[in-house]
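Enquirer: The structure is given below, and queries will be raised subsequently.
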Amino acid sequence: MNQRIATSNSVTALAAGPAPALRFSVPLSATRHGARLARLLATEQLRSWGLPFDPSLLLVAELAANAVLHGRVPGRCFRLGLVVTSPATLRIEVTDTRGDRLPVRAPDAGGLLAESGRGLLLVAELADRWGIEEGPVPCKTVWAELDLGPAAEDRPACGAVRSDDTSAKAGAKRA
């Protein structure tokens, strides 16, 4: 899976991208309740479009939680966007009003016992592509894309053991 962080200007990205076939967008309060509501609304929208929940909902949950924890400005909301474009790509977008605080990938921040700091590692592992779009000021959008076509069938289900993950197999045999 592609673990590259892409940064672009949102105006350029919109002009260059394909026209969306399906679009959903909703503003939500930048609270824990808003993050939970993002997951629930995404579930219903994906269901109405007939799209799989896995790993889409995990990506929505992580990006919404990051917007609430790291992108919160008192009195401002964040926006959840789901877009299906041709050819068969689901784009999950979360926009917050803290454009001055861009996400940073820090895999060893806090060590193994840290209680946080692994969210973007999950996004990088689950998404086929992800990145950050700056603007319009003061906003930023963190997005993740999932291929929905035949290439998506190669993606392991969440919680599934990858065939190349020998440590997980060994742990399963001991149990």
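Enquirer: State the number of residues belonging to region 124-144 that are open to solvent by less than 20 Å² (accessible area, probe 1.4 Å) and closer than 15 Å to Asp100 by Cβ.
Expert: The total comes to 6.
Enquirer: When you check Gly75 against the structure, is it small (Gly, Ala, Ser) and free of Cβ contacts under 8 Å to residues at least 12 places away in the same chain, yes or no?
Expert: yes
Enquirer: In region 32-81, what count of residues is obtained for those that are of a type in the set (S, T, N, Q) and either part of a loop (DSSP other than H, G, I, E, B) or surrounded by 15 or more Cβ atoms within 10 Å (Cβ to Cβ) (or both)?
Expert: Within region 32-81, residues that are of a type in the set (S, T, N, Q) and either part of a loop (DSSP other than H, G, I, E, B) or surrounded by 15 or more Cβ atoms within 10 Å (Cβ to Cβ) (or both) number 3.
Residue-by-condition table, conditions (1) modelled with pLDDT of 55 or more; (2) hydroxyl-bearing (Ser, Thr, Tyr); (3) within 24 Å of Phe78 (Cβ to Cβ):
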| residue | (1), (2), (3) |
| --- | --- |
| Thr95 | yes, yes, yes |
| Trp130 | yes, no, yes |
| Gly135 | yes, no, yes |
| Cys139 | yes, no, yes |
| Asp154 | yes, no, no |
| Cys158 | no, no, yes |
| Ala170 | no, no, no |
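The values are calculated or read from the model by the stated rules, or taken from the named source; none is laboratory data. It should be emphasised that the depicted structure is a prediction, and the values quoted were computed from it without experimental measurement. Heads up, the Cβs are rebuilt from the backbone with ideal geometry, glycines too, and the neighbour counts pull from every protein chain shown. Just so you know, the surface numbers come from the protein's heavy atoms only, side chains and all, with ligands and any DNA or RNA stripped out. Shrake-Rupley method; radii C 1.70, N 1.55, O 1.52, S 1.80 Å.
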